Amino acid sequence: MNQLNEAIAKIGVVPVIKLNNPERDAAPLAKALCEGGLPVAEVTFRAAGADKAIKIMKETCPEMIVGAGTVLTEAQVQAAVDAGAQFIVSPGFSAVLADKCAELNIQYFPGVTTPTEYQMALPYGYEVVKFFPAEQSGGLAKIKAMNAPFPMFKVMPTGGISLKNLEEYLSCPIIAACGGSYMVKADDIENGNWDKIKELCRQSREIVDRIRG
């Protein structure tokens with residue numbers, strides 16, 4: 001895998017973040033993630049100001065790997081890149097976004113769950129694809145089944161991942177890393193429960209280290 005994919009795989013868990021108030025929350029959240037041992041974030045464009053949040057998080061913790069999620073348009077790709085994003089994630093596969101990311105030389109993780117989507121992603125030579133929504137689409141059993149015809153892909157499952165099933169997912173060699181929002185719940189961000197977020201990150205990191213050393 002390339003350097004970015006390797007770095008994300010080494011961290012093992014990618015917090016998927018929705019920030020409604022990036023000016024207030026992006027900086028302390030970045031610090032909590034890093035101090036908890038998960039120095040990576042997928043900031044979703046489901047909330048306005050995602051590009052601003054990406055910029056603040058990178059400025060606060062330059063060592064973090066920060067990317068953009070729920071990216072649906074070329075304009076969002078451009079806004080994320082301009083803000084300093086290091087990767088782009090979309091919920092499904094988009095040739096338009098794939099081409100835009102290639103043009104801007106930024107890592108793209110397209111969402112896939114079906115043979116058709118895997119097949120569409122194949123010509124682009126991706127090492128890692130997002131499997132979303134993971135649990136609702138068949139979970140680890142489906143990921144393993146899809147690996148038979150498409151063994152060239154590592155997978156980043158997102159959707160329904162928690163501390164309860166994280167170990168099961170990460171124990172599978174097909175899995176590059178897991179995406180999840182269980183450690184960055186909206187109420188905890190809104191209330192500034194940074195210590196709780198940090199602790200959930202720490203517990204996640206313990207699972208990663210136990211499985212992958």
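Considering only residues of the stretch 19-38 that are part of a loop (DSSP other than H, G, I, E, B) and buried (at least 19 other Cβ atoms within 10 Å of the Cβ), which is farthest from the chain's Cα centre (by Cα)?
Among those residues, the one meeting the criterion is Gly36.
I'm checking my understanding of the structure. Among residues of the stretch 143-162 that are touching a strand residue (DSSP E or B) at 6+ places or on another chain (Cβ under 9 Å) and of a type in the set (A, V, I, L, M), which one is farthest from Val89 (Cα to Cα)?
The extreme case among them is Met146.
Residues Pro110, Pro91: which one is closer than 22 Å to Ser181 by Cα and without any contact (Cβ under 8 Å) to a residue 24 or more places away in the chain?
The unique qualifying residue is Pro110.
Is it the case that some residue within the stretch 127-136 is farther than 24 Å from Val112 by Cβ and not acidic (Asp, Glu)?
Scanning the stretch 127-136, I find no residue that is farther than 24 Å from Val112 by Cβ and not acidic (Asp, Glu), so the answer is no.
Matching residues to (1) of a type outside the set (Ser, Thr, Tyr); (2) in a loop (DSSP other than H, G, I, E, B); (3) farther than 24 Å from Ile11 by Cα; (4) modelled with pLDDT of 95 or more:
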position	(1), (2), (3), (4)
Glu117	yes, no, yes, yes
Leu122	yes, no, yes, yes
Lys130	yes, no, no, yes
Pro133	yes, yes, no, yes
Gln136	yes, no, yes, yes
Leu140	yes, no, no, yes
Ile143	yes, no, no, yes
Pro151	yes, yes, no, yes
Gly160	yes, yes, no, yes
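Within the stretch 94-131, which residues are within 15 Å of the chain's Cα centre (by Cα) and either closer than 12 Å to Thr73 by Cα or of a type in the set (Asp, Glu) (or both)?
Passing the criteria: only Glu127.
Being over 16 Å from Glu42 (Cα atoms) and either surrounded by fewer than 18 Cβ atoms within 10 Å (Cβ to Cβ) or without any contact (Cβ under 8 Å) to a residue 40 or more places away in the chain (or both) narrows it down to one of Lys198, Lys164, Lys185, Lys154, so name that one.
So the residue among Lys198, Lys164, Lys185, Lys154 that is over 16 Å from Glu42 (Cα atoms) and either surrounded by fewer than 18 Cβ atoms within 10 Å (Cβ to Cβ) or without any contact (Cβ under 8 Å) to a residue 40 or more places away in the chain (or both) is Lys164.
Can we say Arg205 is farther than 30 Å from Glu23 by Cα and either of a type in the set (Phe, Trp, Tyr) or assigned to a helix (DSSP H, G or I) (or both)?
Answer is no for this residue.
The values are calculated or read from the model by the stated rules, or taken from the named source; none is laboratory data. Please read all numbers here as calculations on a predicted model, not as lab measurements. Positions of Cβ are generated from backbone atoms using ideal geometry, with glycine treated the same way; all protein chains shown enter the neighbour counts.
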